[in-house]
1. Could you work out the mean projected area of the convex hull around the alpha carbons of the range 1-67, in square nanometres to one decimal?
2. With runs of 4+ DSSP H residues as the only contributors, calculate the mean residue ellipticity of the chain at 222 nm using -39,500 (n - 2.57) per run, divided by the residue total and rounded to the nearest 500.
3. Which whole-number percentage describes the relative contact order of the range 48-207, with Cα contacts under 8 Å and a sequence gap of 6 or more?
4. Take the Cα pairs of the chain, get the Kirkwood Rh, then feed it into Stokes-Einstein at 4 °C and 1.567 mPa s and tell me D in µm²/s.
5. Using only the Cα atoms, work out Rg/Rh for the range 105-209, with Rh taken as the Kirkwood radius, to two decimals.
6. Dimensions of the range 51-147 along principal axes (Cα, Å, largest first)?
7. Return the single residue from 38, 194, 135 with maximal mean-square fluctuation; model: Gaussian network over the chain, springs between Cα atoms under 10 Å.
8. Taking only Cα atoms and a 10 Å spring cutoff, compute GNM fluctuations for the chain and point out the largest among 245, 128, 193.
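Every read-out reported here was derived from the displayed coordinates using simple, explicitly stated rules and does not represent laboratory data. If you're wondering where the values come from, they're calculated on a predicted model, not measured in any experiment. In this analysis, Cβ positions are derived from the backbone assuming ideal geometry, glycine residues included, and neighbour counts consider all displayed protein chains.
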């Protein structure tokens, strides 16, 4: 498999497995890819990854079969173009709450006539000018719209219908927080978390789009796959290291009577 196939899979409904990378280490990035994930997500919103670390991580995976997705810090055209020019296969945009939000991202991701992305032959994505595209208008990076609020859920059918949106991706922490924040003390009848994710899955299926979600607890994998999520991001480099360090220290303390 090459990254062209992996990228196409993220646009479709064949199941894939990815993971979140937040630390910004090219070594961890290279190790995650070698482990066999279908795709990697570089978190530029909440992670510790700097621009320099992102470039180094993308360079570390040159020729990798993984699809490389960057979650930009905000759905701004300059951040989106920056990630794509450096060689990302696609972009995840956080806090998409309307069809207008999604359309603005699509226009930033794609070249004219569909979009407004600026074109340069000399960017890293085209090997600094040594491999320019024959027809840039036919280049369609993966666009993943992150649904992580009640407003996003209420408009999810319209978001899914936008031409150029490939995947609806639930941000579980933000969505759960938004539901709780808007329900506390108000009794306003906000939908439950489970109802919200069912709404996202249904909207994606009706629009012929795929769905994804970040999973922190392995016990939830089977349930979420059965619920209709095709693209599963399993844990993160930070979470894996944190848990392993904790488990290791607990094991040592128990073995030495210091628990």
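1. With every direction weighted equally, the projected area is 4.3 nm².
2. It lands at -12500 deg cm²/dmol.
3. 19
4. Reported coefficient: 68 µm²/s.
5. Here Rg/Rh amounts to 1.15.
6. Answer, in whole Å and largest first: 38, 29, 22 Å.
7. Result for the chain, Cα springs under 10 Å: 135 fluctuates most.
8. 245
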